[in-house]
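Below: the structure, in structure tokens.
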């Protein structure tokens, strides 16, 4: 069984989640909250910490199981098999929006003359290779890439300071707290992607290593800082009205940067989106496979992946009309609804697991 350490899980999810925050959610959160989008991110953080605690407790109660096994042990064999299905659909939805977003991003920004099917085919060949080498090797790649991305991100933030007017971030609560509700739920959906940690076998790397609760808290902080940096940076440079007209606001910031002979630092956008997307989709595919093990008992793993790819291609070709339809429906309407799965199922499972655990202890005494 492939195992990921607590520390490595921070690197892995820090490569996966910014793909959503940096370019899938930006247009929507700006349309929902305008210049107060950064406030919504901060207000959503407590729920992120709460989910980190839930994941910690579930891994403590069931240290040798992934979420499928946790559900089976908590609710019984049949109920556990049924409860994993919404999660499989959730992961498939995340693959669909990621795949469409990346193919559109690469074609619009970098390869406008290249057909989408070519970009998509090459991308999925790399994803299947990542599935073949396994999550431990994917995690090691994340460990190598994340420091480069974080350091470069800070360098870009510093380089563009002269372009920023932080008055664009004010005032706050201009229309009251409840006007930010939709943006808060959208950000909670981002933190909900931490549910992927339940689909991975986690372990403490060394005896003195920090607890999973600590590393989950660090993950929430890191994701919040990265999302806040992107949101505040684009708002401070472009202002609320102009930033709402940009398809990829984060990439527009990157294109303002030049380091010596490098006139535009587009490589940063490629690294975050493409490499992060490959890691993200491979882990999501693996999570679908792990979840459906309850139904297929480990048989037909690659058949599950191929079926998932066929569904992804079908929805991206026939289900999404264009980029505006993608943002207005698949992101703005559907993404906030994922909270019902990514939060409700883990929290409900934790509550029942704690009740069962205490009941067993009381009977034992």
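The numbers here are math on the coordinates, done by the rules we state, and not lab data. Note that the structure is a prediction, hence the values are computed from the model and not measured. Every residue, glycine as well, gets a Cβ built from its backbone with ideal geometry; the counts of neighbours run over all protein chains shown.
Could you state the angle between the C-alpha long axis of helix 37-61 and the longest principal axis of the C-alpha atoms of the chain, as a value from 0 to 90 degrees rounded to the nearest 10?
20
For a quick check: sort 290, 77 by the number of other beta carbons within 10 angstrom, fewest at the front. Before the final figure, lay out the partial values.
Working: 290 26, 77 11.
Least crowded to most crowded, the residues run 77, 290.
Mind checking the log10 I(q)/I(0) for the chain at q = 0.08, 0.10, 0.12, 0.15 Å⁻¹? Debye, one equal scatterer per Cα, no solvent, two decimals.
Rounded to two decimals, the profile gives -0.39, -0.62, -0.90, -1.40.
Given only helices, namely DSSP H runs of n ≥ 4 each adding -39500 (n - 2.57), what is the per-residue ellipticity at 222 nm of the chain, to the nearest 500 deg cm²/dmol?
-22000 deg cm²/dmol
Rank-order 130-138, 170-178 by packing density, defined as the average count of other C-beta atoms within 10 Å over each peptide's residues, highest first.
Descending mean neighbour count gives 130-138, 170-178.
So for the pair residue 175, residue 245, with labels modelled 7 Å out along Cα→Cβ, what separation do we get in nm?
Computed distance between label sites residue 175 and residue 245 equals 2.0 nm.
For the chain, modelled as a GNM with alpha-carbon contacts under 10 angstrom, which of 122, 243, 89 fluctuates the most?
Most flexible of the set in this elastic network: 122.
Using a 7 Å offset from the Cα along the Cα-to-Cβ direction at both residue 311 and residue 82, what is the distance between the two label points in nm, to one decimal?
Taking the two extended label points, one gets 1.9 nm.
What relative contact order, as a whole-number percentage, does the chain give when Cα pairs under 8 Å and 6 or more residues apart are counted?
40
By the gyration tensor of its Cα atoms, with a ≥ b ≥ c the square roots of the eigenvalues, what is the shape of the stretch 28-91: rounded for a/c under 1.5, prolate for a/b over b/c, or oblate? Provide the component values of the computation, followed by the final result.
Details: a/c = 4.70, a/b = 2.04, b/c = 2.30.
Oblate, since a/c reaches 1.5 and b/c is not below a/b.
Would you mind checking the tilt of helix 181-192 against the longest principal axis of the Cα atoms of the chain, expressed as 0 to 90 degrees and rounded to 10?
60
Can you compute the FRET efficiency between residue 117 and residue 333 using 1/(1 + (r/R0)^6), with r the Cβ-Cβ distance and R0 = 30 Å? Round to the nearest 0.05.
0.65
With 10 angstrom as the radius, rank 321, 164 by how many other C-beta atoms surround their C-beta, starting from the fewest.
In order of increasing Cβ crowding within 10 Å: 321, 164.
Specify the residue with the greatest mean-square fluctuation among 158, 281, 331, computed from a Gaussian network of the chain linking alpha-carbon atoms under 10 Å apart.
In this elastic network of the chain, the residue with the biggest mean-square fluctuation among 158, 281, 331 is 158.
Test of understanding: in a Gaussian network model of the chain with alpha carbons linked when under 10 Å, which of 22, 305, 325 would top the mean-square fluctuation ranking?
Highest fluctuation of the listed residues: 325.
Could you work out how far helix 116-133 tilts from the main Cα principal axis of the chain, as a 0 to 90 degree angle to the nearest 10?
That helix lies at roughly 40 degrees to the long axis.
Put a dot 7 Å past each Cα toward the Cβ at residue 344 and residue 148; how far apart are the dots in nm?
With each label placed 7 Å out from Cα toward Cβ, I get 4.1 nm.
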